[in-house]
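The values are calculated or read from the model by the stated rules, or taken from the named source; none is laboratory data. Everything numeric here is computed off the predicted structure, so don't read it as measured data. Backbone-built Cβ (ideal geometry, glycine too); neighbour counts: all protein chains shown. Note: accessible area is taken over every heavy atom of the protein model, side chains too, but ligands, DNA and RNA are not part of it. Shrake-Rupley method; radii C 1.70, N 1.55, O 1.52, S 1.80 Å.
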Amino acid sequence: GAGVSQSPRYKVAKRGQDVALRCDPISGHVSLFWYQQALGQGPEFLTYFQNEAQLDKSGLPSDRFFAERPEGSVSTLKIQRTQQEDSAVYLCASSLLVASGKLEQFFGPGTRLTVL
Amino acid sequence: AQTVTQSQPEMSVQEAETVTLSCTYDTSESNYYLFWYKQPPSRQMILVIRQEAYKQQNATENRFSVNFQKAAKSFSLKISDSQLGDTAMYFCASDGGSQGNLIFGKGTKLSVKP
């Protein structure tokens, strides 16, 4: 079956541009996470959805970052007025039910964002 | 705040040999899970092995096993009979986030040499 997919795989933006990153989780997965992975670092949590509800956005670094999952499936992470420090790989992960260590999180391939 | 520390930025091993990757963590939770994830170059992250803190028996998955020392808050990964395909970044993680989100270490880059 299909895994988690993300698009685009690579995005180059000029400083100040807005970008939108898409995540298609595994069908039927309730939980969806966004992580940010800076070069040479481990992924860091950005935000969490349970179905369409955004239950935690404590990891979003600024109010320029916005995420949505309006129908409880596809999610979009939007970054407004991009800055060079936003350059990173953005990972999406989903799991079948409410997040728990008992359930594996399946990761997408990530979107590599480069802000010039 | 929960933290996960990997003190080995890079390691290398000869094919067919055994290598151990180190990880320490800090948590105030009574029950939690620990994970090792593998991220091959330009490919997506996949789960290698998982350990529940309540279980005393160390988890094993084929050539991969862990040494879980709960009192020491240590969680190392042993890879036996290393293969070229094991070349990747390896991340240690805990499910310590408030919503079950993973907390990752900085990773260890493992190179398996022929």
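Mind pulling the per residue volume of the convex hull built on the Cα atoms of the protein assembly as shown? Å³ is fine.
Given the Cα convex hull of the protein assembly as shown, per-residue volume reads 124 Å³.
Suppose we keep just the alpha-carbon trace of region B:3-113; what are its Rg and Dmax in angstrom?
Considering region B:3-113 through its Cα atoms, Rg and Dmax are 13.3, 40 Å.
If the cut-off is a Cα-Cα distance under 25 Å, which lysines reach residue A:57, setting aside same-chain residues fewer than 8 apart in sequence?
Leaving aside lysines fewer than 8 places away in the same chain, those within reach of residue A:57 are A:11, A:78, A:102, B:106.
Looking at region B:1-78, which trypsin sites (Lys or Arg not before Pro) are DSSP coil and have at most 14 other C-beta atoms within 10 Å of their C-beta?
For trypsin sites (Lys or Arg not before Pro) across region B:1-78 that sit outside H, G, I, E and B with at most 14 neighbouring Cβ atoms in 10 Å, the list reads B:43, B:55, B:63, B:70.
Mind listing the Cα extents of region A:1-83 along all three principal axes, in Å, largest one first?
36, 26, 25 Å, listed from the longest principal axis down.
Express as a percent, rounded to the nearest 5, the fraction of DSSP beta bridges in chain B (both residues included) that run antiparallel.
Among the beta bridges of chain B, antiparallel pairing accounts for roughly 85 percent.
For the pairing of chain B with chain A, what total accessible surface becomes buried, with a 1.4 angstrom probe, in square angstrom to the nearest 100?
1700
Are there GluC sites (Glu not before Pro) in region B:1-99 that DSSP puts in a loop and that have at most 13 other Cβ atoms within 10 Å, and which ones?
Passing sites in region B:1-99 are B:15, B:17, B:29.
Between the DSSP loop rule and a limit of at most 14 other Cβ atoms within 10 Å, which chymotrypsin sites (Phe, Trp or Tyr not before Pro) in region B:1-99 are left?
Sites meeting the loop and neighbour criteria: B:54.
What is the Cα centroid distance between region B:71-99 and region B:1-67, reported in whole angstrom?
2
Let me know the charge dipole size of the protein assembly as shown about its Cα centre in debye, to the nearest 20, where only the beta-carbon of Lys, Arg (+1) and Asp, Glu (-1) is charged.
420
Quote the convex hull volume per residue of region B:66-114, based on C-alpha atoms, as a whole number of Å³.
93
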